[in-house]
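Notes follow the structure.
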Amino acid sequence: MMDILIRKGRIIDPAQQLDFTGDILVLKGYIKEIAEQVDAPEGIETYDAQGTIVMPGLIDMHVHLREPGEEYKETIETGTRAACAGGFTAVACMPNTKPVNDNVSVTSFILDKAAKAGQAAVLPVAAATVGQRGQMLTEFGDLLKAGAVAFSDDGLPVADAAVMRLVLEYSRNFDALIISHSEEPSLSRGGSMNEGIVSTRLGLKGIPAAGEEIAIFRDVRLAALTGARLHIAHVSTKGGVDIIRRAKAEGIKVTAETAPHYFSLTEEAVDGFNTNAKMNPPLRTEEDRMAIIEGLKDGTLDAIATDHAPHSSLEKDCEFEKAANGIIGLELALPLTLELVRKGHLSLDDIARLMSYQPAKILKMNAGSLEKGKPANITIIDPEQEITVSRETLHSKSINTPFLGKTLKGIAKATIVNGTMVFQR
């Protein structure tokens, strides 16, 4: 922990409706003062933030850290280091580890490892059903006391509608958040990319958009039936955005996220059987991509999350149908989202809202704002500096991304977690 005065940055905080050039004083891990000019206490360290954007620490509410069980792909230490390099001060990790995070022991293990790593905060998402088998519910109360922030079988859907109804009903006892991996397995089974012209040309079995949309509609209606808090993960289709938009208009307690790859890429990225462009849900069409952007603009989609899914070459350097789903995203989310600002789709205030304020609100965190007295979780961004994506520039253990070799613009210059400068470029 350090005392520091951040000087002359462009400060953006949607929680307080702030957008001005000024200073932030951090003392003993908390934001002590924020103003156009703050007098520096004697002997305090200063950080020159001229030309940068200073916003509340970014929060990624959907990552896979692979530990325990698949440490050769990623560990909590390497994953949180990558998070800090990407400007994230906190990450919510999904439960599909080995063993599954469906009990207090695994939740405690994750939190202990994160504390020892001393990087970004880790928020465990526990499994909704034992072993993610979609049958018996986990002990929500015990898991929440141990530090879980939400429940999901992400990586898999809860295929049985009656079980999903029970999950949602049970969650109301704790006002717990349920995160839905929306997929109808009978439609997606055996598919390896979006169903359409490209899949036909490549001779690959496709996954129809309807497979995602049917599942979103089912879970939205179950949320309406139960009154539970529902969050839809990794939305990728126009139809999915439309369903969520209508659900919100009805007053249903639903929030939703998308990932940068769904507004940056289309199914065309799979051409040449590029396994680094294989994910679930798959990359969709240009029409879907534009609908995702529109959903971010009009508030239908509440958050941008990475769905950071590291894999080694063992899972990716193989036939397309056999390759694992998923790409890394923690270090690339910021430049990809800043591209939407450069193209006029979003504002910098929107980025702070979608990547910090609203994720914090959904997860009920004391974060997402630069308000005086709050813990000092701060991301300092250089919107002009470029980075070429390579093994040398990435902090993650894995490099499975279709952006490998590409030059992206806009990076995290520094990341402060609870008053500690955990990353500085």
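Hey, got a sec? Which trypsin sites (Lys or Arg not before Pro) in region 265-358 land in a DSSP loop and have at most 13 other Cβ atoms within 10 Å?
Here the trypsin sites (Lys or Arg not before Pro) that fit, given the DSSP loop and packing criteria, are Lys343.
Which value, in debye to the nearest 20, gives the size of the charge dipole of the chain about its Cα centre, when Lys and Arg are +1 and Asp and Glu are -1 at the Cβ?
320
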Inter-site label distance for Asp271 and Glu386 at 7 Å from Cα along Cβ, in nm: 2.3
Those trypsin sites (Lys or Arg not before Pro) in region 1-81 that DSSP places in a loop and that have at most 13 other beta carbons within 10 Å: Lys28
Stretchable slack from Glu42 to Ser108, in nm (0.36 nm times residue separation minus alpha-carbon distance): 19.6 nm
Segment Ala161-Met2, length gained on full extension (0.36 nm per residue, minus Cα span): 52.2 nm
Among Ala161, Thr237, Ser192 - extreme Cα towards positive end, dipole of region 135-285, charges at beta-carbon: Thr237
Estimated [θ] at 222 nm from DSSP helical runs (n ≥ 4, -39500 (n - 2.57)) normalised by residues in the chain, nearest 500: -8000 deg cm²/dmol
Within region 207-289, GluC sites (Glu not before Pro) in DSSP loop having at most 15 other beta-carbon neighbours inside 10 Å: Glu250
Kirkwood Rh, angstrom, the chain [1 / mean 1/r, Cα pairs]: 21.5
Footprinting exposure proxy for His231, His345 (fewest neighbouring C-beta atoms within 10 Å first): His345, His231
Label-point gap, in nm, between Arg133 and Asp298 - each point 7 angstrom along Cα→Cβ: 4.3
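Determine the alpha carbon to alpha carbon distance for each of Lys145/Lys413; Lys238/Lys343; Lys361/Lys406; Lys98/Lys409; Lys116/Lys397; Lys28/Lys116 and list only those over 27 Å.
Pairs exceeding the cut-off: Lys145/Lys413; Lys361/Lys406; Lys98/Lys409.
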Linear extension gain, Arg342 paired with Thr200, 0.36 nm per residue minus alpha-carbon span: 47.7 nm
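Below 8 Å, C-alpha to C-alpha, sequence gap of six or more: please give me the relative contact order for region 362-425 in percent. Show your work: numbers first, answer last.
Values: 90 pairs, mean separation 22.7, N = 64.
For region 362-425, the relative contact order is 36 percent.
Readers should treat all values here as calculations from the given coordinates under stated rules, not as data from a laboratory. Owing to the predicted nature of the structure, the values given are computational and were not obtained by experimental measurement. For neighbour counting, all protein chains shown are included, and Cβ atoms are generated from backbone atoms with ideal geometry for every residue, glycine included.
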